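A quick write-up on the structure given underneath.
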Amino acid sequence: MKKILPLIVMMCVAFGVNAQWVDDPAANTLIHTGYSEYNELYQSRCPNGDFFIQFCNFVGGDWNPKLMYVTKEGVPMWDEPVFMGQSGSTMSTGVSMAATTDCCAVSHFAREEGGYGPYAYKVNAQGEIVWGPIKTAELAEGAYQCRTEVVADDNGGVWVSTTDFANAIHVRHIAADGTMGDDILVHVGDLGGVQKMVSSNDGGVLVAYQSYDAAQGWTMYDETIKVTKIDASGNIVNTQTMMNTTTIQGWKFMSIIPDGMGGGWCWIEHCGGDVDAFNIYAMHFSAEGNCTTYASHPLGVQVSPTDEYYYRIQGAGTCDVVTGDLILAFLETDADYQAYNSMRVIRISQSGELLNGAGGTVIIPVTEANIGQFRVACAPDRSITILYCYADSYNDGVIRALAVDPGMSVLWEKDFNTNQCIPESKEIAEGAYEYADGQYVVFFQDGRNEVNGLYGQNIQPDGTMGPVVENPFLAPTNLTGEYVWNDDNTYGALISWTPATGNEISFDVYKGVTTTDLELIGNTTETEYYDDMTGEEGGYLYQVIAVYEGGESGPAMTADGDTYVIINITDVIENSETEFSVYQDGGNIIIKGVDFENADIYNVSGQIVKHVGSNSNVIDASDLNAGMYFVNVKTDGRTVSRKVVIR
């Protein structure tokens, strides 16, 4: 049964109010004021696009968790925050909160009353407590603090985890109605450090955590980073080592993010090895809990060669929405003075390849400025938007935004928040800085005019701030393409799509070898287009744009979020009646279900990159870059083709 909060929550206005985002970096959108501080900020987005924001403030000697609810238009829906806990609450190290699929928020934190330990509450969008407090774990005797985490499942429930920094990591599932599953001990024994979680795509959860020998102390110790897969029934089905190293001097388990494919990425900053300098090391794990980077990088994927003169620190990342590659921004600072820093961005494939080279690309060069917190997100067009707080001799604690294309070229840069205050008075929220509903949204504490407040601001992928104006020229969806062999031995590419509105006048079809040389090849009022390619070979990109009265749309998108399809024209039959499959398994390409004389692997440019002989069903692909390939197999006197994506 739902309980109404003791604190009466006033709904500020009806849900139909006008949008509140502003296009003014000197103002931004005020969410709440009245508290001396808004610390431990965390934001999480609901399926409807609205946001829960959690923060705590030090009042009367207690860290008190509070929630606000803000619509995707920037409208605060409660006059005052929802308060969870009673006087005497002690916040855990690393307050946690997640929006659930039924548009509620579950907060997970530690408190003293009722027996010290981690507790959870569930609050709905109307400010009512749905259930809680629920005690989620019994801590080891004498434990003085704990770290809590929470991630949403697909059914309105959550997975919660707790470590007591003494000897155990506890994980359990809580259903949408508050029913708790069994307490799962993921790690028992050596000191269990910080733990982080991501939901897997089968209803389970993946837990990444540190393990080290407490007898060695906190400053110099041997450390292992592991990942454990727990299935939807609460069974531990896999535990793998992701990083096994020694003599780490200082540690910081920085973050974990889902890869969009059921697995995730995590990275750590530490100082150790042959050269006494800080660096960042990344690890990828699959939906099954297997570390895909361990074989080639057992000490983690190093973002840059370790250099005693420079530190690589403070990473923030996101995933490429198409490939699942890690896009990691980090700071490079002089080891001696650590006064000024530059920002670099690196792309890392799931096999650990540094796709834009060791050290990545310099996005913000060294200036007489200190870059503080920053956040990174990726749009459907694969552009990357970065928010960062910086201070120099002219500006104290302002926030700027910039965007780069997939090739790391800067597209635009602008002011996001220009109210100057001491940097310590600004704090950017952790959590869901991600693309949704045509915008990115971030919340932050701002100590402007010596009065702290909670503010929010949106920004669109083109750098526009303020209300999102719905585009009347919507792009087609479900873009697909296939290679077609006709009965008269002609062949070509058949492109098809789904109109977005029904008001389109026609559709323009573009073709090229790369995205930079696309040319218009035709216009049609139909929802498919056939391009006769008889006599030609090679890989081609096709793009479709809808034409409206008064304008045109952006490119049509595939189901995977790409804005083009790639067709390999081979002058051979691609016979769908020949039943066999081609897929990636680790560092290999597997051909299954067919006897063949030989096979060729082509890249998207039509070049042969591999040739194998009869029935070589396992093909070493460890030297191939991530991307799409075509496998042409000669069998029964003919050649058939299949596509495969290397990740």
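A few comments on the model shown:
- Scope the stretch 454-503; condition open to solvent by less than 40 Å² (accessible area, probe 1.4 Å) and of a type in the set (Ser, Thr, Tyr); matching residues: Tyr455, Tyr483, Thr490, Tyr491, Ser496
- Restricting Ile371, Ile313, Ile327 to those that are in contact with a Leu (Cβ under 7 Å, 6 or more places away or on another chain) and surrounded by 20 or more Cβ atoms within 10 Å (Cβ to Cβ) reduces the list to Ile371.
- In summary, Val22 fulfils each of the numbered conditions (1) modelled with pLDDT of 90 or more; (2) within 18 Å of Ala432 (Cβ to Cβ) with the single exception of condition (2).
- In summary, Ser553 fulfils each of the numbered conditions (1) open to solvent by 60 Å² or more (accessible area, probe 1.4 Å); (2) part of a strand (DSSP E or B); (3) of a type in the set (S, T, N, Q) with the single exception of condition (1).
- The stretch 64-95 - residue that is modelled with pLDDT under 90, assigned to a strand (DSSP E or B) and not aliphatic (A, V, I, L, M) and, of those, most open to solvent (accessible area, probe 1.4 Å): Phe83
- Selection within the stretch 289-310 - touching a Ser or Thr at 6+ places or on another chain (Cβ under 9 Å) and free of Cβ contacts under 8 Å to residues at least 40 places away in the same chain: Tyr310
- Lone unmet requirement of (1) outside any loop (DSSP other than H, G, I, E, B); (2) under 21 Å from the mean Cα position of the chain (by Cα) for Ser342: (2)
- Condition met for Cys266 (under 18 Å from the mean Cα position of the chain (by Cα), at pLDDT 90 or above and open to solvent by 10 Å² or more (accessible area, probe 1.4 Å)): no
- Residue among Thr477, Thr516 that alone is within 30 Å of the chain's Cα centre (by Cα) and within 29 Å of Val441 (Cα to Cα): Thr477
- Checked against the criteria, Asn503 does not count as at positive phi and of a type outside the set (Asp, Glu).
- Here Leu479, Leu541 are screened, and the one residue that is under 30 Å from Trp412 (Cα atoms), in contact with a Gly (Cβ under 6 Å, 6 or more places away or on another chain) and in a strand (DSSP E or B) is Leu541.
- Within the option set Thr558, Thr563, Thr514, being of a type outside the set (D, E, K, R), surrounded by 20 or more Cβ atoms within 10 Å (Cβ to Cβ) and assigned to a loop (DSSP other than H, G, I, E, B) holds for one residue only, Thr563.
The values are calculated or read from the model by the stated rules, or taken from the named source; none is laboratory data. Bear in mind the structure is a predicted one, so any value in this text is a computation, not a measurement. Don't worry about glycine lacking a Cβ; one is built from the backbone with ideal geometry, like all the others, and counts go over all protein chains shown. In case anyone asks, the SASA skips ligands and DNA or RNA and just uses the protein heavy atoms, side chains included. Shrake-Rupley method; radii C 1.70, N 1.55, O 1.52, S 1.80 Å.
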